[in-house]
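**Student:** The structure is given below, and queries will be raised subsequently.
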Amino acid sequence: MGGESTTTQTVTTINNTLTNSTGSPQTVTYTVTPVVRCGRIPVAQVVNVVVNPAPTMTSANSKTICSGETVNLALTSSTDATATTSFSWRASDNGNTTGESTGAQSSSTINDAIVNTTSSNQTVTYTVTPSNNCGAGAGQVVSILVRPAPVITSSNAQTICNAGTASINLSANLASTFSWMASDNLNTVGESLT
(Lines give C-alpha, C1' and ligand atoms only; values in the text may rest on other atoms or scores of the structure.)
Protein backbone atom coordinates (compact mmCIF):
# COMPACT_ATOMS: atom_id res chain seq x y z
CA MET A 1 0.00 0.00 0.00
CA GLY A 2 1.04 3.54 -0.46
CA GLY A 3 -0.41 7.04 -0.13
CA GLU A 4 -1.94 6.83 3.32
CA SER A 5 -1.09 9.50 5.91
CA THR A 6 0.75 7.80 8.77
CA THR A 7 1.32 10.95 10.80
CA THR A 8 -1.31 13.00 12.65
CA GLN A 9 -3.29 15.26 10.33
CA THR A 10 -5.43 18.22 11.40
CA VAL A 11 -7.55 18.89 8.31
CA THR A 12 -11.28 18.14 8.17
CA THR A 13 -11.13 15.80 5.18
CA ILE A 14 -9.30 12.52 4.78
CA ASN A 15 -7.84 13.06 1.33
CA ASN A 16 -5.26 10.42 0.43
CA THR A 17 -4.59 8.95 -2.98
CA LEU A 18 -4.22 5.26 -2.14
CA THR A 19 -2.34 2.77 -4.28
CA ASN A 20 -2.78 -0.97 -3.81
CA SER A 21 0.34 -2.75 -5.05
CA THR A 22 -1.02 -6.25 -4.39
CA GLY A 23 -3.45 -8.44 -6.27
CA SER A 24 -6.06 -8.50 -3.50
CA PRO A 25 -8.17 -5.90 -1.66
CA GLN A 26 -6.34 -4.09 1.14
CA THR A 27 -7.79 -2.12 4.05
CA VAL A 28 -6.42 1.18 5.29
CA THR A 29 -7.63 1.98 8.80
CA TYR A 30 -7.87 5.59 9.94
CA THR A 31 -8.44 6.52 13.57
CA VAL A 32 -10.27 9.85 13.74
CA THR A 33 -10.33 11.67 17.07
CA PRO A 34 -12.08 15.02 17.50
CA VAL A 35 -10.01 17.75 19.15
CA VAL A 36 -11.18 18.45 22.73
CA ARG A 37 -12.68 21.93 23.12
CA CYS A 38 -15.23 21.46 25.87
CA GLY A 39 -13.29 19.40 28.35
CA ARG A 40 -15.00 16.17 27.38
CA ILE A 41 -13.05 13.04 26.60
CA PRO A 42 -13.27 12.53 22.85
CA VAL A 43 -14.42 9.25 21.41
CA ALA A 44 -12.33 8.08 18.49
CA GLN A 45 -13.93 6.67 15.39
CA VAL A 46 -12.35 4.06 13.17
CA VAL A 47 -12.76 4.56 9.44
CA ASN A 48 -11.86 1.65 7.16
CA VAL A 49 -11.17 2.24 3.49
CA VAL A 50 -10.99 -0.88 1.29
CA VAL A 51 -8.65 -0.34 -1.67
CA ASN A 52 -9.35 -2.75 -4.50
CA PRO A 53 -6.42 -3.48 -6.80
CA ALA A 54 -6.20 -2.70 -10.49
CA PRO A 55 -6.08 -5.98 -12.43
CA THR A 56 -2.78 -7.41 -13.60
CA MET A 57 -2.57 -10.12 -16.22
CA THR A 58 -1.79 -13.66 -15.03
CA SER A 59 -2.48 -15.64 -18.21
CA ALA A 60 0.29 -17.05 -20.39
CA ASN A 61 2.16 -14.55 -22.53
CA SER A 62 3.07 -16.99 -25.29
CA LYS A 63 1.76 -20.05 -27.09
CA THR A 64 2.71 -22.13 -30.13
CA ILE A 65 0.14 -23.37 -32.63
CA CYS A 66 0.21 -24.94 -36.07
CA SER A 67 -1.11 -23.10 -39.09
CA GLY A 68 -4.91 -23.21 -39.19
CA GLU A 69 -5.33 -23.98 -35.49
CA THR A 70 -7.26 -21.80 -33.05
CA VAL A 71 -5.21 -19.90 -30.47
CA ASN A 72 -7.71 -20.71 -27.69
CA LEU A 73 -5.86 -18.78 -24.96
CA ALA A 74 -7.97 -18.02 -21.87
CA LEU A 75 -7.24 -14.59 -20.39
CA THR A 76 -6.96 -14.27 -16.61
CA SER A 77 -6.00 -11.54 -14.15
CA SER A 78 -4.99 -11.25 -10.53
CA THR A 79 -8.38 -9.86 -9.55
CA ASP A 80 -10.62 -12.50 -11.14
CA ALA A 81 -11.50 -13.95 -7.72
CA THR A 82 -12.41 -10.59 -6.13
CA ALA A 83 -13.79 -8.49 -8.98
CA THR A 84 -15.18 -8.97 -12.44
CA THR A 85 -12.42 -8.40 -14.95
CA SER A 86 -13.05 -7.70 -18.60
CA PHE A 87 -10.42 -7.82 -21.31
CA SER A 88 -9.81 -5.87 -24.48
CA TRP A 89 -7.33 -7.18 -27.02
CA ARG A 90 -6.16 -6.89 -30.59
CA ALA A 91 -3.43 -8.32 -32.76
CA SER A 92 -0.78 -6.45 -34.68
CA ASP A 93 -1.08 -7.25 -38.37
CA ASN A 94 1.41 -9.81 -39.65
CA GLY A 95 1.46 -9.74 -43.44
CA ASN A 96 2.45 -13.43 -43.55
CA THR A 97 -0.58 -14.70 -41.63
CA THR A 98 -4.35 -14.47 -41.90
CA GLY A 99 -7.08 -14.83 -39.28
CA GLU A 100 -5.71 -12.62 -36.51
CA SER A 101 -8.14 -9.99 -35.15
CA THR A 102 -6.58 -6.58 -35.73
CA GLY A 103 -9.71 -4.75 -34.58
CA ALA A 104 -10.65 -4.30 -30.92
CA GLN A 105 -12.04 -7.47 -29.29
CA SER A 106 -13.62 -7.89 -25.85
CA SER A 107 -13.83 -11.61 -25.10
CA SER A 108 -12.00 -13.42 -22.31
CA THR A 109 -10.41 -15.87 -24.76
CA ILE A 110 -8.19 -15.18 -27.75
CA ASN A 111 -9.83 -17.54 -30.20
CA ASP A 112 -8.46 -16.55 -33.60
CA ALA A 113 -7.76 -19.31 -36.13
CA ILE A 114 -4.48 -18.20 -37.68
CA VAL A 115 -3.11 -19.43 -41.00
CA ASN A 116 0.61 -19.10 -41.71
CA THR A 117 0.92 -18.42 -45.44
CA THR A 118 4.69 -19.03 -45.55
CA SER A 119 7.05 -21.95 -45.05
CA SER A 120 8.71 -20.42 -41.97
CA ASN A 121 7.52 -19.76 -38.41
CA GLN A 122 5.57 -16.54 -37.95
CA THR A 123 4.75 -14.61 -34.77
CA VAL A 124 1.46 -12.82 -34.19
CA THR A 125 1.58 -10.32 -31.32
CA TYR A 126 -1.49 -9.41 -29.26
CA THR A 127 -1.87 -6.57 -26.77
CA VAL A 128 -4.29 -7.42 -23.94
CA THR A 129 -5.60 -4.91 -21.39
CA PRO A 130 -7.54 -6.01 -18.28
CA SER A 131 -10.17 -3.73 -16.70
CA ASN A 132 -12.39 -3.90 -13.65
CA ASN A 133 -14.52 -1.41 -11.70
CA CYS A 134 -11.27 0.25 -10.55
CA GLY A 135 -10.12 0.96 -14.10
CA ALA A 136 -7.65 -0.49 -16.54
CA GLY A 137 -4.63 -2.45 -15.44
CA ALA A 138 -1.26 -2.78 -17.11
CA GLY A 139 -1.38 -4.37 -20.54
CA GLN A 140 0.25 -7.65 -21.49
CA VAL A 141 1.91 -8.57 -24.76
CA VAL A 142 1.05 -12.11 -25.90
CA SER A 143 3.13 -13.72 -28.64
CA ILE A 144 1.67 -16.57 -30.68
CA LEU A 145 4.17 -18.59 -32.70
CA VAL A 146 2.41 -20.01 -35.77
CA ARG A 147 4.22 -22.94 -37.34
CA PRO A 148 3.70 -23.43 -41.08
CA ALA A 149 1.73 -26.31 -42.51
CA PRO A 150 3.66 -28.65 -44.79
CA VAL A 151 2.65 -28.73 -48.44
CA ILE A 152 3.33 -31.86 -50.50
CA THR A 153 5.62 -31.04 -53.41
CA SER A 154 6.03 -34.53 -54.87
CA SER A 155 4.29 -35.65 -58.03
CA ASN A 156 0.60 -36.50 -57.75
CA ALA A 157 0.51 -38.88 -60.71
CA GLN A 158 2.55 -41.70 -62.26
CA THR A 159 1.95 -44.07 -65.15
CA ILE A 160 3.49 -47.55 -65.13
CA CYS A 161 3.21 -50.72 -67.20
CA ASN A 162 1.35 -53.82 -66.01
CA ALA A 163 3.29 -55.59 -63.23
CA GLY A 164 5.50 -52.50 -62.86
CA THR A 165 6.40 -50.90 -59.53
CA ALA A 166 4.86 -47.59 -58.53
CA SER A 167 7.70 -45.63 -56.97
CA ILE A 168 6.93 -42.06 -55.98
CA ASN A 169 9.42 -40.23 -53.76
CA LEU A 170 7.38 -38.21 -51.30
CA SER A 171 8.49 -34.67 -50.50
CA ALA A 172 7.15 -31.51 -48.91
CA ASN A 173 8.19 -27.89 -48.58
CA LEU A 174 9.15 -28.60 -44.93
CA ALA A 175 10.92 -31.50 -43.29
CA SER A 176 8.09 -33.99 -42.90
CA THR A 177 7.17 -37.58 -42.28
CA PHE A 178 4.40 -39.15 -44.32
CA SER A 179 1.61 -41.66 -43.89
CA TRP A 180 -0.17 -43.10 -46.89
CA MET A 181 -2.34 -45.94 -48.14
CA ALA A 182 -4.13 -46.79 -51.36
CA SER A 183 -7.83 -46.94 -51.96
CA ASP A 184 -8.98 -50.39 -53.02
CA ASN A 185 -9.29 -50.88 -56.77
CA LEU A 186 -10.97 -54.24 -57.36
CA ASN A 187 -9.27 -54.56 -60.80
CA THR A 188 -5.70 -54.38 -59.46
CA VAL A 189 -3.64 -56.20 -56.84
CA GLY A 190 -0.50 -55.22 -54.99
CA GLU A 191 -1.52 -51.80 -53.67
CA SER A 192 -0.99 -51.10 -49.93
CA LEU A 193 -4.39 -50.99 -48.28
CA THR A 194 -3.24 -50.68 -44.69
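The values are calculated or read from the model by the stated rules, or taken from the named source; none is laboratory data. Since the structure is predicted, the reported quantities are computational estimates derived from the model, not experimental observations. Note that we place each Cβ from the backbone using ideal geometry, even for glycine, and neighbour counts take in every protein chain shown. Only protein heavy atoms, including side chains, enter the accessible area calculation; ligands, DNA and RNA are left aside. Shrake-Rupley method; radii C 1.70, N 1.55, O 1.52, S 1.80 Å.
**Student:** Give the accessible surface of segment 62-150 per residue, rounded to a whole number of Å², with probe radius 1.4 Å and ligands, DNA and RNA excluded. Display every interim value, and only then the final one.
**Tutor:** Working: 4220 Å² over 89 residues.
Accessible area per residue: 47 Å².
**Student:** Rounded to whole Å, give me the distance from the Cα center of segment 155-182 to that of segment 87-133.
**Tutor:** For segment 155-182 versus segment 87-133, the Cα centre distance is 38 Å.
**Student:** Could you point to the residue in GLY95, THR56, SER176 farthest towards the positive end of the chain's charge dipole, with +1 and -1 charges on the Cβ of Lys/Arg and Asp/Glu respectively?
**Tutor:** THR56
**Student:** For segment 95-159, count the residues as N, evaluate 2.2 N^0.38 Å, and divide the Cα radius of gyration by that value, please. Before the final figure, lay out the partial values.
**Tutor:** On the way: Rg = 17.8 Å, N = 65, 2.2 N^0.38 = 10.7 Å.
Relative to the rule-of-thumb radius for its length, segment 95-159 sits at 1.66.
**Student:** Moving on to the next point. If you scale each eigenvalue of the Cα gyration tensor by 5 and take the root, what three semi-axes come out for segment 1-89, rounded to whole angstrom and sorted largest first? Working shown, then result.
**Tutor:** Numbers: eigenvalues 448, 22, 14 Å².
So the equivalent ellipsoid measures 47, 10, 8 Å along its semi-axes.
**Student:** Let me ask another. Assign unit charges at the C-beta atoms only (+1 for Lys and Arg, -1 for Asp and Glu), then state the dipole size of the chain relative to its Cα centre in Debye, rounded to the nearest 20.
**Tutor:** Details: 5 positive and 8 negative charges, 182 e Å.
Computed charge dipole of the chain: roughly 880 debye.
**Student:** Continuing with the same structure: With the full set of protein chains in place, find how many percent of the accessible area of the chain is carbon and sulfur; take the probe as 1.4 Å.
**Tutor:** Working: 6390 of 12890 Å².
Carbon and sulfur atoms account for 50 percent of the accessible area of the chain.
**Student:** Okay, moving on. Specify which residue in the list VAL124, ILE110, GLY3 is farthest towards the positive end of the charge dipole of the chain, using unit charges on the beta carbon of Lys, Arg (+1) and Asp, Glu (-1), about the Cα centre.
**Tutor:** The residue sitting most towards the positive pole is GLY3.
**Student:** Also, I was wondering about something else. Would you check the accessible area of VAL32, probe 1.4 Å, heavy atoms only, in square angstrom rounded to 10?
**Tutor:** For VAL32, solvent-accessible area is about 60 Å².
**Student:** Now, a different point. Where the eigenvalues come from the Cα gyration tensor of the chain, what are the semi-axes √(5λ) of the equivalent ellipsoid, largest first, in whole Å? The partial results should precede the final answer.
**Tutor:** Working: eigenvalues 935, 44, 23 Å².
Over the Cα atoms of the chain, the ellipsoid semi-axes are 68, 15, 11 Å.
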